[in-house]
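Inspection log for the structure reproduced underneath, given as structure tokens.
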Amino acid sequence: MKTKHEWTYSGLEIRSKNSIIIANVYKHNPLNQTEQEANEIGKLIAAAPELLEALQNLVETVESIMGCSSWEHSKEDKELLTEAKQAIKKATK
């Protein structure tokens, strides 16, 4: 599944493929974050559509493998899959 959203980060702005501003990241917020922290947050936000798509694909693949194999699934495996599904739900609902 290819995401329909392609965002870029430049100069404290996150923009869509057609240059619409999605968000601004400011270094002078109440948290008093540094410019480096603001840049890191901006990059993370810009990558969000691709990260979501990658996580959705990963969950789909893992569920397929778990359903088709005799591999013994640990409690930790199931918990990680649940956490991934919850993160997807949080991002999409």
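The values are calculated or read from the model by the stated rules, or taken from the named source; none is laboratory data. Worth saying up front: this structure is predicted, and the values here are computed from it rather than measured. Heads up, the Cβs are rebuilt from the backbone with ideal geometry, glycines too, and the neighbour counts pull from every protein chain shown. Protein only, heavy atoms only, side chains kept; ligands, DNA and RNA dropped before computing areas. Shrake-Rupley method; radii C 1.70, N 1.55, O 1.52, S 1.80 Å.
Condition check ((1) modelled with pLDDT of 90 or more; (2) in contact with a helix residue (DSSP H, G or I) (Cβ under 8 Å, 6 or more places away or on another chain)) across all residues:
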position: Y9; (1), (2): no, yes
position: N18; (1), (2): no, no
position: N24; (1), (2): no, no
position: A47; (1), (2): yes, no
position: E50; (1), (2): yes, no
position: H73; (1), (2): no, yes
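Would you point out the residue of segment 62-82, among those that are loosely packed, with under 10 Cβ neighbours inside 10 Å and of a type in the set (D, E), that is nearest to S16 (Cα to Cα)? The residue in question is E76. Scanning segment 10-61 for residues that are outside any loop (DSSP other than H, G, I, E, B) and open to solvent by 90 Å² or more (accessible area, probe 1.4 Å) turns up E35, Q36, E40, K43, L44, E50, L51, L58, E60.
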